[in-house]
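Asks: Can you keep this structure in mind? I'll have questions shortly.
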Amino acid sequence: MFGSLAHEKQLEMSGGFMKMESNHELDDDVRTEYDFDKMEGGIRGEYIERYRTGINVVLLDPNVAQAFPTSDAVNDVLAHANRPKAEA
């Protein structure tokens with residue numbers, strides 16, 4: 001009884017609640033236009049090893065990305081910096 005009357009007023013103005021119509025003709029998750037028998041080029045499991053090993057994505061500052069434009073260049077520098085120092 002202490003609630004806002006704004007919601008009730010909106011319902012009066014809009015004609016009440018509207019129920020969305022369901023237009024689900026298929027119980028299947030895959031649409032009929034997806035014919036997997038006609039698809040070409042896909043190889044099942046092609047990237048599974050890459051997925052399993054994991055890929056680390058690092059965002060570089062623009063000036064760093066300009067100095068090291070490829071992942072190989074970045075990896076070479078980081079591998080060199082990560083080498084153990086020779087004991088004196």
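The values are calculated or read from the model by the stated rules, or taken from the named source; none is laboratory data. In this text, all values refer to a predicted model and were calculated from it rather than measured experimentally. Cβ placement follows ideal geometry from the backbone for every residue including glycine, while neighbour counts extend to all protein chains displayed.
Asks: Can you tell me which residue is surrounded by the fewest Cβ atoms within 10 Å (Cβ to Cβ) among those in region 44-61 that are part of a helix (DSSP H, G or I) and of a type in the set (Val, Ile, Thr)?
Replies: Filtering region 44-61 for residues that are part of a helix (DSSP H, G or I) and of a type in the set (Val, Ile, Thr), the one surrounded by the fewest Cβ atoms within 10 Å (Cβ to Cβ) comes out as Thr53.
Asks: Would you be able to tell me the number of residues in region 44-61 that are among the small types (Gly, Ala, Ser) and at pLDDT below 80?
Replies: 1
Residues are listed down the side, and each one gets a yes or a no for (1) assigned to a helix (DSSP H, G or I); (2) surrounded by 10 or more Cβ atoms within 10 Å (Cβ to Cβ); (3) modelled with pLDDT under 80; (4) of a type in the set (A, V, I, L, M):
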| site | (1), (2), (3), (4) |
| --- | --- |
| Lys9 | yes, yes, yes, no |
| Gly16 | no, no, yes, no |
| His24 | no, no, yes, no |
| Asp27 | no, no, yes, no |
| Thr32 | no, no, yes, no |
| Gly42 | no, no, yes, no |
| Asn63 | yes, no, no, no |
| Val77 | yes, yes, no, yes |
| His80 | yes, no, no, no |
